[in-house]
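Below: the structure, in structure tokens.
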Amino acid sequence: MAANILVIDSQHPQPHHIGRAVAVLEAEGVIAYPTDSYYGIGCDIFSKKAIERVYLLKHRDRKKPLSFICADLADITQYAKVSNFAYRILRRLSPGPYTFVLEATKVVPEIMTTKQKQVALRVPDSPITAALVRGLGRPLLSTSASDPEDGEVLIDPADIKERLGHGLDLIVDGGLQLNEPSTVLSLIGDEVEVLREGKGDPTRAF
């Protein structure tokens, strides 16, 4: 049975709609939701059951950790080791279309870290995403809502329902969302390395 679509105001998300989506996440559910770059698929990063469902839905190698979304900079410091160097860059670029690779703290579940104990996290400039993370009170796993068969990133909630709805519990509809992946920056060792150039201007990190 395909997931229901829940239409939410992208700039002023209705609290009762956010509450419904958060209830799904708290029940170890998997949702699709808009960010400031593309539609993501996510769940509570502390739900092994839900994370396993995401890996199955995406046909993704479990040795490749997924990124996650924090509510704000204070939230990031709970899950990543942030030096003064890294903090200045995070403060400059967040919220925004940037994903940062940092050393993980012990709070992060092992399934979310690399062998080097690193994590990829971000704070999107999206009222819906911010409301979901704050409502949940924990980070939200994030991976693109793409078709596992051909890799096409889906920008329309109706297409997400058609192709991925069987593996989702809810689709949060914030309207059409262009496929503009975030820029990925490694801040390991107090050096900036551009791992992927996307929507965010990487020169702002320097």
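The rows are residues; the columns are (1) part of a helix (DSSP H, G or I); (2) in contact with a strand residue (DSSP E or B) (Cβ under 7 Å, 6 or more places away or on another chain); (3) under 20 Å from Ile89 (Cβ atoms); (4) basic (Lys, Arg).
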position: Thr129; (1), (2), (3), (4): yes, yes, no, no
position: Leu141; (1), (2), (3), (4): no, yes, no, no
position: Asp150; (1), (2), (3), (4): no, no, no, no
position: Leu176; (1), (2), (3), (4): no, no, no, no
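Within segment 1-29, can you find the residues that are assigned to a loop (DSSP other than H, G, I, E, B), of a type in the set (A, V, I, L, M) and touching a His at 6+ places or on another chain (Cβ under 9 Å)? Met1, Ala2, Ala3, Ile8 - these are the residues of segment 1-29 that are assigned to a loop (DSSP other than H, G, I, E, B), of a type in the set (A, V, I, L, M) and touching a His at 6+ places or on another chain (Cβ under 9 Å).
The conditions of being more than 21 Å from Ile188 (Cα to Cα) and of a type outside the set (Val, Ile, Thr) are met by Pro148. When you check Ala32 against the structure, is it buried (at least 21 other Cβ atoms within 10 Å of the Cβ), outside any loop (DSSP other than H, G, I, E, B) and in contact with a helix residue (DSSP H, G or I) (Cβ under 7 Å, 6 or more places away or on another chain), yes or no? So Ala32 passes the test. Scanning segment 150-164 for residues that are in contact (Cβ under 8 Å) with a residue 24 or more places away in the chain and either surrounded by 14 or more Cβ atoms within 10 Å (Cβ to Cβ) or among the charged types (D, E, K, R) (or both) yields Val153, Leu154, Ile155, Pro157, Ile160, Lys161, Glu162, Leu164. Inspect segment 186-205 for any residue being in a strand (DSSP E or B), at pLDDT 95 or above and crowded, with 20+ Cβ neighbours inside 10 Å and give the result as yes or no. No - not one qualifying residue is present in segment 186-205.
Scanning segment 79-133 for residues that are hydrophobic (A, V, I, L, M, F, W, C) and touching a Cys at 6+ places or on another chain (Cβ under 9 Å) turns up Ala80, Leu121, Val123, Val133. Within segment 102-125, the only residue that satisfies the criterion of being crowded, with 24+ Cβ neighbours inside 10 Å, of a type outside the set (A, V, I, L, M) and in a loop (DSSP other than H, G, I, E, B) is Pro124.
Just one of (1) under 16 Å from the mean Cα position of the chain (by Cα); (2) among the polar types (S, T, N, Q); (3) more than 26 Å from Glu197 (Cα to Cα) fails for Asn4. It is (1). Of all the residues in segment 41-81, those that are touching a residue at least 40 places away in the same chain (Cβ under 8 Å), of a type outside the set (Ser, Thr, Tyr) and not in a helix (DSSP H, G or I) number 17.
Condition check ((1) under 15 Å from the mean Cα position of the chain (by Cα); (2) farther than 21 Å from Ala131 by Cβ; (3) surrounded by 19 or more Cβ atoms within 10 Å (Cβ to Cβ); (4) not aromatic (Phe, Trp, Tyr)) across all residues:
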{"site": "Asp44", "(1), (2), (3), (4)": "yes, no, yes, yes"}
{"site": "Ala50", "(1), (2), (3), (4)": "yes, no, yes, yes"}
{"site": "Leu57", "(1), (2), (3), (4)": "no, yes, no, yes"}
{"site": "Asp61", "(1), (2), (3), (4)": "no, yes, no, yes"}
{"site": "Ile69", "(1), (2), (3), (4)": "yes, no, yes, yes"}
{"site": "Tyr79", "(1), (2), (3), (4)": "yes, no, yes, no"}
{"site": "Asn84", "(1), (2), (3), (4)": "no, yes, no, yes"}
{"site": "Tyr87", "(1), (2), (3), (4)": "no, yes, no, no"}
{"site": "Arg91", "(1), (2), (3), (4)": "no, yes, no, yes"}
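The values are calculated or read from the model by the stated rules, or taken from the named source; none is laboratory data. Note that the structure is predicted; figures quoted are calculated from it, not measured. No Cβ is skipped: glycine too gets one built from the backbone with ideal geometry, and neighbour counts run over all protein chains shown.
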